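First the structure, in the form of structure tokens, and then the observations on it.
None of the figures in this text is laboratory data; all of them are computed from the coordinates on show. Predicted, not measured: the structure shown is a model, and the values here were computed from it. Here the Cβ positions follow ideal geometry from the backbone for every residue, glycine too, while neighbour counts run over all protein chains shown.
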Amino acid sequence: MRNFLSSKLFKVFWTGGLAVLLYVCCPPCFSKNTLSVLLVTLFTITNVFPYVADAKGATGNVYGWFTQIVRLFVGGLFIFSGFIKANDPLGFSYKLEEYFEVFKNDTGMAFFEYFAHISLPLAIIICASEIILGVMLLLGTKRDLTLWLLLAQIVFFTFLTFYSACYNKVTHCGCFGDFLKLKPWESFWKDVILMIAIAVLFSGKKNINPIASPMVISALFLLGLIFSIGFPVYAYRNLPPLDFRAYAPGMNIKENMKVSPDYQPPVIETGFIYENTKTGKKEHFNLKNYPWQDTLNWKWFATDNVIVKDAVNAPKITDFTVSNLEGSAITDSVLNDKNYSFWLVMYDLKKTETNPTLMAKIKDFDKLAEEEKFKFIALTASGPKDIEEFKKEHGFTFEFATVDGTVLKTMIRSNPGLMLMKDGTVIKNWHRHNFPTFSDVKQRFMK
């Protein structure tokens with residue numbers, strides 16, 4: 001029995017059966033003809049290409065070199081993807097949290113909420129695993145384990161990106177952080193290419209061998225492991241070493257908000273998700289066909305707006321609006337301050353780090369800034385009641401204003417975080433773990 005399970009015949013059976021199952025379960029959003037081509041391609045690579053790889057002579061040599069090229073491509077891409085996400089693990093955790101919230105709403109399974117609460121450690125683990133698996137593949141160590149883990153990870157990401165694209169759930173996957181934002185279908189096809197490449201590596205795995213002696217391999221693996229864990233932890237405890245966002249130091253927010261002459265706004269279609277009262281099945285409807293009158297069979301579940309056409313040449317920043325506690329917009333006055341000013345970003349006061357030492361530093365900073373006539377303002381998405389309670393608890397007297405929470409989380413990966421501004425330009429920002437003194441900021445950055 002064991003021999004049969006490890007035989008090539010059994011591999012034909014299970015890969016063929018899996019292909020048939022995927023074809024039968026193909027949702028309407030994806031072409032079955034396209035899926036057929038993909039499944040046949042993967043089936044052929046998995047079951048036929050190993051014979052080509054094992055062939056002696058020119059054929060085998062060519063496939064051996066081809067395997068090495070694919071090996072470099074997959075290993076390099078995994079390292080690059082993991083590095084970019086590890087550069088901003090907190091931002092990646094926000095993306096994972098978004099996925100888990102979607103799955104919870106769509107499936108009704110409460111355990112996804114638990115995953116949302118641990119999205120940060122999960123983000124660090126995924127970043128580290130991508131980097132170390134890429135390193136292991138390039139080094140040629142633990143070949144079979146590496147290939148299976150690579151396959152498991154790419155299957156997981158392919159499912160996420162396909163679900164996102166098919167059901168229009170998450171605007172971009174976060175595969176390459178803010179460095180390169182891919183649309184859902186672009187992310188999916190990127191994962192499909194990687195899956196085909198990994199299938200090629202499986203078929204030609206006899207050509208994947210260690211590149212050096214065991215001692216050198218062990219030393220390089222250890223260095224890769226330390227970096228893959230240490231780098232995202234460092235980036236989380238400080239700020240992203242490479243900042244690709246529109247609020248990065250040196251960026252002018254006003255310039256990034258300007259609308260180009262050829263800008264075309266996105267076309268959004270209002271839709272609704274209704275739940276069948278008899279089967280529990282949820283379906284998407286538009287304004288023309290939603291069953292609002294059929295209350296016996298359907299009940300409203302959620303509003304689900306769909307982007308029919310993406311914006312063309314959209315500005316980098318489209319949603320930055322600052323309001324005072326009375327609800328009046330003060331965006332222009334905040335951005336057009338010709339003097340230096342300080343923004344204390346706290347997207348959610350209930351989640352803000354409030355250790356006494358940090359709160360004392362903020363209070364001292366505000367006092368010294370006020371003495372020298374520099375504006376110090378706190379930006380938050382919390383409501384007036386929470387703001388008043390927070391000010392009273394910590395003895396703060398500086399001004400508070402409200403901004404959308406998602407925007408604040410994009411502006412700086414820290415809660416709280418400090419930004420030095422001048423005439424709409426971000427001069428410098430600081431993580432709460434590196435909260436500066438006013439004298440140091442004035443000496444180094446306010447010239």
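The table below gives the values:
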| quantity | calculated |
| --- | --- |
| The stretch 242-358: Lys pairs at Cα distance under 19 angstrom, eight or more positions apart or on different chains | 9 |
| Dipole of the chain, positive direction: furthest Cα of Tyr347, Asn105, Gly383, with charges on the beta-carbon | Asn105 |
| Tail beyond 44 Å, pair distance distribution of the chain (Cα, percent) | 26 percent |
| Among Trp148, Trp343, Trp298: highest mean-square fluctuation, GNM of the chain, C-alpha pairs under 10 Å | Trp298 |
| Rounded to the nearest 20 debye, dipole of the chain from Cβ charges on Lys, Arg, Asp, Glu | 1460 debye |
| Ratio Rg/Rh [Cα only; Rh per Kirkwood] for the stretch 48-237 | 1.02 |
| The chain - mean residue ellipticity at 222 nm from DSSP helices (-39,500 (n - 2.57) per run, n ≥ 4, rounded to 500) | -17500 deg cm²/dmol |
| Percent of C-alpha pairs per 10 Å bin, the stretch 373-418, short to long | 25, 55, 21, 0 |
| Kirkwood Rh (inverse of mean 1/r, distinct Cα pairs), the stretch 193-293, angstrom | 21.4 Å |
| Reachable lysines from Lys142, criterion Cα separation under 20 angstrom, eight or more residues apart if same chain | Lys205, Lys206 |
| Among Asp348, Asp319, Asp294: highest mean-square fluctuation, GNM of the chain, C-alpha pairs under 10 Å | Asp294 |
| Order of Asp386, Asp243, Asp332 under a 10 Å beta carbon neighbour criterion, fewest first | Asp332, Asp386, Asp243 |
| At 0.692 mPa s and 37 °C, Stokes diffusion of the stretch 331-445 via Kirkwood alpha-carbon radius, µm² per second | 232 µm²/s |
| Degrees, to the nearest 10: 119-139 long Cα axis against longest axis of the chain | 40 degrees |
| Full-extension gain in nm, Lys422 to Trp189, via 0.36 nm per residue minus C-alpha separation | 79.6 nm |
| Stokes-Einstein translational diffusion, the stretch 267-363 - Kirkwood Rh over all Cα pairs, 0.890 mPa s, 25 °C, in µm²/s | 131 µm²/s |
